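A short write-up of the structure that comes next.
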């Protein structure tokens with residue numbers, strides 16, 4: 001029996017466990033990436049381990065999230081990250097060089113390598129044939145120190161792409177169709193592997209759009225083969241020597257298979273407020289548009305920018321529309337300038353933003369009250385844009401550009417001939433905005449600079465044998481990490497200041513939660529289905545830890561957030577019977593007895609609701625390693641204890 005593409009890479013990097021679905025495995029990590037919204041904490045955690053130098057083949061720190069410097073906080077964090085990177089052997093991508101996923105694809109991604117990133121859209125690297133996985137910052141810190149990354153061996157599913165995309169239909173429409181079919185929970189515990197004859201016509205930027213937004217499926221990662229298309233892209237980037245052919249064996253066995261005929265696709269849109277609320281654009285015609293944002297790590301490649309410029313050339317955007325363009329990298333922006341596309345966009349009335357995440361994480365360019373915003377981004381969660389009542393739709397670059405001209409959501413297939421964009425044989429190469437670390441022998445000379453906004457890490461206590469605490473919050477299904485720990489220009493500057501950040505925890509859901517938790521001293525959170533979906537931000541676990549949350553009991557968890565809770569020393573448990581969710585209310589006093597014994601024995605935990613006088617059975621499937629992490633009080637304590 002042959003191996004899938006993902007299995008081949010896992011096998012080559014396996015350091016612990018067996019490739020049996022559902023069993024914990026440890027894999028060696030070749031490369032890591034961080035961004036500045038998560039990087040400060042990751043590097044504080046790395047420093048706390050006492051390891052003198054990173055042990056990966058390549059680790060890169062990107063500055064692409066917190067670039068609005070309305071105070072000293074973001075600038076101080078950037079200076080801290082730059083000095084840490086210089087000292088410990090990490091490459092530093094300066095502000096303005098671009099979005100981490102776009103730049104890493106262009107300059108550092110290598111087929112067949114493993115990449116771990118403290119950003120949930122790290123799977124973008126799968127477009128170039130990497131096994132690229134998003135995780136919390138502490139997992140990245142451990143990997144930088146030479147430790148393995150541990151996950152349950154995922155199921156491998158195959159999506160075969162056949163046919164050819166019709167005019168005006170793009171890679172964004174492919175992944176929206178997959179989300180429509182599989183939903184935001186359809187990829188949980190799975191790796192999505194792409195194959196089929198249509199791949200020959202899909203460029204690396206198009207593949208990267210699909211793998212990037214595959215994170216919204218809840219998938220561990222997504223991956224394309226490394227083929228001649230990959231080789232041509234790397235050659236154009238001056239990196240042909242990094243190319244390595246890699247594909248699944250002809251007799252590879254998959255847990256599931258889905259076939260999509262691209263020729264039958266039409267322009268699609270994810271409607272408010274979920275990436276899987278997908279409908280044909282033709283059904284949304286004549287919804288007035290207030291704002292259009294084109295860019296983010298999903299659709300900010302040179303190909304996207306050139307298509308948009310071709311659509312807008314010689315025209316002016318509708319008077320009712322405000323249009324923002326965020327190129328994905330300095331390389332993209334430079335080439336847009338050289339090719340005249342930037343001038344065409346400016347002439348059409350577009351506002352050119354930095355090569356950063358920007359509006360995608362609510363860092364500027366928020367829509368007006370009750371405004372309709374079309375975005376080529378990957379998430380449209382309620383309030384994420386920075387405007388609580390905005391209606392955000394996720395669309396392709398083509399649909400966004402045409403709608404910006406028309407002033408309402410428009411099906412681009414009715415707009416005439418689709419633009420034909422020819423990609424250059426070589427890209428503009430200038431890595432001067434990426435700073436190399438000092439050699440190891442000079443590391444002692446580098447002083448790490450910490451601003452006053454950087455506060456110490458919160459640490460969990462060892463798990464007690466008996467835990468009694470009240471329910472401090474009860475929430476419903478599909479609670480995102482944006483609900484738990486919002487982003488945006490007002491909040492992101494406090495990413496390295498957990499006490500200050502704690503004031504905003506669950507603010508959109510229950511404004512009194514933070515103060516209630518501090519006063520209670522300890523407590524539980526009750527959640528519904530898919531608790532913790534979305535961003536990999538470990539602040540959604542570190543802040544509840546600071547607020548004395550001891551356990552989260554949910555119907556089900558998103559993968560990264562569950563791992564982050566364990567890493568923080570917070571106990572994640574699920575209901576054996578999902579209907580038991582309704583038997584617990586805010587304020588109920590809960591008790592877990594014989595906790596350590598139950599943790600050692602297996603998967604069942606007895607919960608007593610003392611307020612209602614009932615007992616419930618909970619599930620908690622943990623590997624032996626995860627049990628020890630929880631007992632010790634989190635991954636940082638566990639790692640330090642193991643090192644000693």
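Numerical summary
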| quantity | calculated |
| --- | --- |
| Residue within the range 133-152 that is assigned by TED's automatic domain parsing to the domain that holds residue 60, closer than 30 Å to residue 639 by Cβ, without any contact (Cβ under 8 Å) to a residue 60 or more places away in the chain and buried (at least 24 other Cβ atoms within 10 Å of the Cβ) present | no |
| Given (1) part of a loop (DSSP other than H, G, I, E, B); (2) touching a strand residue (DSSP E or B) at 6+ places or on another chain (Cβ under 9 Å), number of the condition residue 164 does not satisfy | (2) |
| Positions within the range 89-109 being buried (at least 24 other Cβ atoms within 10 Å of the Cβ) and more than 20 Å from residue 144 (Cβ to Cβ), in sequence order | 97, 98, 99, 102, 105, 106 |
| Residue match in the range 215-226 (condition: at pLDDT 95 or above, over 24 Å from residue 380 (Cβ atoms), out of contact with any strand residue (DSSP E or B) (no Cβ under 7 Å at 6 or more places or on another chain) and in a loop (DSSP other than H, G, I, E, B)) | no |
| Among residues of the range 285-305, those that are crowded, with 22+ Cβ neighbours inside 10 Å and either farther than 26 Å from residue 369 by Cα or in contact with a strand residue (DSSP E or B) (Cβ under 8 Å, 6 or more places away or on another chain) (or both), counted | 12 |
| Given (1) surrounded by fewer than 24 Cβ atoms within 10 Å (Cβ to Cβ); (2) closer than 26 Å to residue 271 by Cβ; (3) in contact with a strand residue (DSSP E or B) (Cβ under 6 Å, 6 or more places away or on another chain), number of the condition residue 187 does not satisfy | (1) |
| Residue match in the range 441-457 (condition: touching a residue at least 24 places away in the same chain (Cβ under 8 Å), surrounded by fewer than 19 Cβ atoms within 10 Å (Cβ to Cβ) and either under 30 Å from residue 580 (Cα atoms) or touching a strand residue (DSSP E or B) at 6+ places or on another chain (Cβ under 8 Å) (or both)) | no |
| Count of residues meeting criterion [surrounded by 24 or more Cβ atoms within 10 Å (Cβ to Cβ) and assigned to a loop (DSSP other than H, G, I, E, B)] in the range 22-40 | 1 |
| Flag for residue 611 being part of a strand (DSSP E or B), touching a residue at least 24 places away in the same chain (Cβ under 8 Å) and surrounded by fewer than 22 Cβ atoms within 10 Å (Cβ to Cβ) | no |
| Test for residue 264: is it modelled with pLDDT of 95 or more and surrounded by fewer than 23 Cβ atoms within 10 Å (Cβ to Cβ) | yes |
| Filter result (free of Cβ contacts under 8 Å to residues at least 40 places away in the same chain, out of contact with any strand residue (DSSP E or B) (no Cβ under 7 Å at 6 or more places or on another chain) and either crowded, with 23+ Cβ neighbours inside 10 Å or part of a helix (DSSP H, G or I) (or both)) within the range 306-325 | 309 |
| Restricting the range 621-637 to residues that are under 25 Å from the mean Cα position of the chain (by Cα) and closer than 17 Å to residue 592 by Cα, the residue that is surrounded by the fewest Cβ atoms within 10 Å (Cβ to Cβ) | 621 |
| Candidates 51, 10 - the one that is in contact (Cβ under 8 Å) with a residue 12 or more places away in the chain, within 16 Å of residue 142 (Cα to Cα) and over 20 Å from the mean Cα position of the chain (by Cα) | 51 |
| Residue match in the range 546-558 (condition: at pLDDT 95 or above and either within 22 Å of residue 363 (Cβ to Cβ) or assigned to a helix (DSSP H, G or I) (or both)) | yes |
| Conditions (1) in contact with a strand residue (DSSP E or B) (Cβ under 9 Å, 6 or more places away or on another chain); (2) part of a loop (DSSP other than H, G, I, E, B); number of the one not met by residue 96 | (1) |
| Condition check for residue 553: touching a strand residue (DSSP E or B) at 6+ places or on another chain (Cβ under 6 Å), crowded, with 23+ Cβ neighbours inside 10 Å and in contact (Cβ under 8 Å) with a residue 12 or more places away in the chain | yes |
| Of all residues making up the range 360-402, the number that are at pLDDT 95 or above and part of a helix (DSSP H, G or I) | 6 |
| Matching residues in the range 326-336 - criterion: being in a helix (DSSP H, G or I) and within 10 Å of residue 352 (Cβ to Cβ) | 333, 336 |
| Residue within the range 504-522 that is under 21 Å from residue 185 (Cβ atoms), assigned to a helix (DSSP H, G or I) and touching a strand residue (DSSP E or B) at 6+ places or on another chain (Cβ under 7 Å) present | no |
| Failed item, numbered, when residue 436 is tested on (1) in the same structural domain as residue 357 (by TED's automatic domain parsing); (2) surrounded by fewer than 16 Cβ atoms within 10 Å (Cβ to Cβ) | (1) |
| Qualifying residue in the range 260-283 (condition: assigned to a strand (DSSP E or B), closer than 17 Å to residue 159 by Cα and within 27 Å of the chain's Cα centre (by Cα)) | yes |
| Matching option when the condition is assigned to a helix (DSSP H, G or I), in contact with a strand residue (DSSP E or B) (Cβ under 9 Å, 6 or more places away or on another chain), at pLDDT 95 or above and assigned by TED's automatic domain parsing to the domain that holds residue 153, among 84, 54 | 84 |
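The values are calculated or read from the model by the stated rules, or taken from the named source; none is laboratory data. Predicted model, so just to flag it, every value in this text is computed and none were measured. Cβ: placed from backbone, ideal geometry, glycine included. Neighbour counts: every protein chain shown.
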